[in-house]
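The values are calculated or read from the model by the stated rules, or taken from the named source; none is laboratory data. Predicted model only: the values in this text are computed from it and were never measured. Cβ coordinates were reconstructed from backbone atoms using ideal geometry, including for glycine residues, and neighbour counts include every protein chain displayed.
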Amino acid sequence: MKPIIIRILRFIRNIKRLALLVFSGEFYKVSFYIDANMRCYQFSKKAVETVADKTREAAICVYGDKWNGYSNALRPEICSGFAKVVDSINKNTVRYLEIGSNKGLSMSFIGNYIKHKQLKMKLVSIDPYFTDGYVEGEGAPCSTIASKKSRHIVIDRKIRDGAYELYKSLKLKVDHHEKPSNEVLLEFQSTKERFDVIYIDGGHERFIPLVDTALSLNVLNPGGFIILDDWQWRDIKPLKDIFDNVAKPIYVSWKIAAYRIDNPPLN
């Protein structure tokens, strides 16, 4: 009986939040909320599901029942997008950069999927893991429907250590830079470090998404791929609009949008 009660309560919660959106006049957010919370998705192929299951099992061993948090990185529609990007790379070695790794779920899935394809890889993470966390949320499309207030996000060194443990359990070698993304990306630019895929999932508000995106383009290989996370946030949506006009779309879901960039600025 308990699973049925949980489903009923979730349904009531979803209807309540949709009603709040309608009565507040924010009709454009209704489709986003339905896609994110009420639609059923399937993995694009069995291999993607297999890798996602393996990553999830490892994450549960590390984090317990709270393995996901608010990440959603291992949902079918998200993993399928990650996989489509990797499948689009015609190289024996994949150089992957992730800005904002949190618990390491997306890094672990992508690393595992590259390994599943029997390709070589270089995995690089940028995440400062601030001791006191940070505050954001005003620009979120739906997460704070009722109050529209920011919230305190805790991604600290305890979370970092969990990510390290997850990588180790999956035998993934991840080069982690524990500094603000703008500093590390400028260092990569000066040392001519280049990547085939860059997943931008750092700060979501104000100038941070713009700076991360601009600097990422400077360290992207020609024909490389940019993945925008949470593109429906207020300060990220304009960036997606630009990519829609000047880049080749590879995959779009309610959460991520991936593009191929044939001629990055500094290449």
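Which of (1) more than 14 Å from the chain's Cα centre (by Cα); (2) over 24 Å from Asp161 (Cβ atoms); (3) of a type in the set (Asp, Glu) is the odd one out, the single condition Glu57 does not satisfy?
Single failed check for Glu57: (2).
What is the number of the single condition among (1) of a type in the set (D, E, K, R); (2) free of Cβ contacts under 8 Å to residues at least 40 places away in the same chain; (3) in contact with a Gly (Cβ under 8 Å, 6 or more places away or on another chain) that Arg234 does not meet?
Unmet for Arg234, out of (1) of a type in the set (D, E, K, R); (2) free of Cβ contacts under 8 Å to residues at least 40 places away in the same chain; (3) in contact with a Gly (Cβ under 8 Å, 6 or more places away or on another chain): (2).
Return only the number of the condition from (1) out of contact with any Phe, Trp or Tyr (no Cβ under 9 Å at 6 or more places or on another chain); (2) hydroxyl-bearing (Ser, Thr, Tyr); (3) surrounded by 21 or more Cβ atoms within 10 Å (Cβ to Cβ) that Thr191 does not satisfy.
Among (1) out of contact with any Phe, Trp or Tyr (no Cβ under 9 Å at 6 or more places or on another chain); (2) hydroxyl-bearing (Ser, Thr, Tyr); (3) surrounded by 21 or more Cβ atoms within 10 Å (Cβ to Cβ), Thr191 violates only (3).
Being at pLDDT below 95, part of a helix (DSSP H, G or I) and closer than 24 Å to Phe43 by Cα, is that true of even one residue in the stretch 82-92?
No, because not a single residue in the stretch 82-92 is at pLDDT below 95, part of a helix (DSSP H, G or I) and closer than 24 Å to Phe43 by Cα.
Yes or no, residue by residue, for (1) touching a Lys or Arg at 6+ places or on another chain (Cβ under 8 Å); (2) not acidic (Asp, Glu):
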residue	(1), (2)
Gly202	no, yes
Leu217	no, yes
Asp230	yes, no
Val246	no, yes
Pro249	no, yes
Val252	no, yes
Ala258	yes, yes
Asp262	yes, no
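Matching residues to (1) basic (Lys, Arg); (2) part of a strand (DSSP E or B); (3) modelled with pLDDT under 95; (4) under 26 Å from Leu74 (Cβ atoms):
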| position | (1), (2), (3), (4) |
| --- | --- |
| Leu215 | no, no, no, no |
| Pro222 | no, yes, no, no |
| Ile226 | no, yes, no, yes |
| Tyr259 | no, yes, no, yes |
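Anything in the stretch 227-243 that is among the charged types (D, E, K, R) and surrounded by 14 or more Cβ atoms within 10 Å (Cβ to Cβ)? List them, or say none.
The answer is Asp229, Asp230, Arg234, Asp235, Lys237, Lys240.
Right, Leu172: part of a helix (DSSP H, G or I) and among the hydrophobic types (A, V, I, L, M, F, W, C) or not?
Against the criterion (part of a helix (DSSP H, G or I) and among the hydrophobic types (A, V, I, L, M, F, W, C)), Leu172 does not qualify.
What pairs come out if I take residues in the stretch 111-128 that are at pLDDT 95 or above and among the hydrophobic types (A, V, I, L, M, F, W, C) and pair them with residues that are assigned to a strand (DSSP E or B) and exposed (fewer than 15 other Cβ atoms within 10 Å of the Cβ) whose C-beta lies under 7 Å away, six or more apart or interchain?
As it stands, the answer is Leu119/Thr93; Met121/Thr93; Leu123/Asp175; Val124/Asp175, since those pairs meet every condition given.
Hey, could you check the stretch 248-265 for residues that are under 14 Å from the mean Cα position of the chain (by Cα) and either β-branched (Val, Ile, Thr) or on the phi > 0 side of the Ramachandran plot (or both) and say which is surrounded by the fewest Cβ atoms within 10 Å (Cβ to Cβ)?
The extreme case among them is Val252.
Just to be sure before I move on: is Gly162 outside any loop (DSSP other than H, G, I, E, B), free of Cβ contacts under 8 Å to residues at least 40 places away in the same chain and either surrounded by 15 or more Cβ atoms within 10 Å (Cβ to Cβ) or in contact with a Lys or Arg (Cβ under 7 Å, 6 or more places away or on another chain) (or both) in the structure I sent?
Considered against the rule, which asks whether it is outside any loop (DSSP other than H, G, I, E, B), free of Cβ contacts under 8 Å to residues at least 40 places away in the same chain and either surrounded by 15 or more Cβ atoms within 10 Å (Cβ to Cβ) or in contact with a Lys or Arg (Cβ under 7 Å, 6 or more places away or on another chain) (or both), Gly162 comes out as no.
Output the residues belonging to the stretch 48-57 that are touching a residue at least 60 places away in the same chain (Cβ under 8 Å) and surrounded by fewer than 22 Cβ atoms within 10 Å (Cβ to Cβ).
Across the stretch 48-57, the qualifying residues are Thr50, Lys54.
Could you please find all residues in the stretch 30-71 being assigned to a loop (DSSP other than H, G, I, E, B), at pLDDT 80 or above and either in contact with a Pro (Cβ under 7 Å, 6 or more places away or on another chain) or not aromatic (Phe, Trp, Tyr) (or both)?
Tyr41, Gln42, Phe43, Ser44, Lys45, Asn68, Gly69, Ser71
Check Arg206 against each of (1) out of contact with any Lys or Arg (no Cβ under 9 Å at 6 or more places or on another chain); (2) under 30 Å from Ala59 (Cα atoms); (3) assigned to a loop (DSSP other than H, G, I, E, B) and name the one condition it does not meet.
(2)
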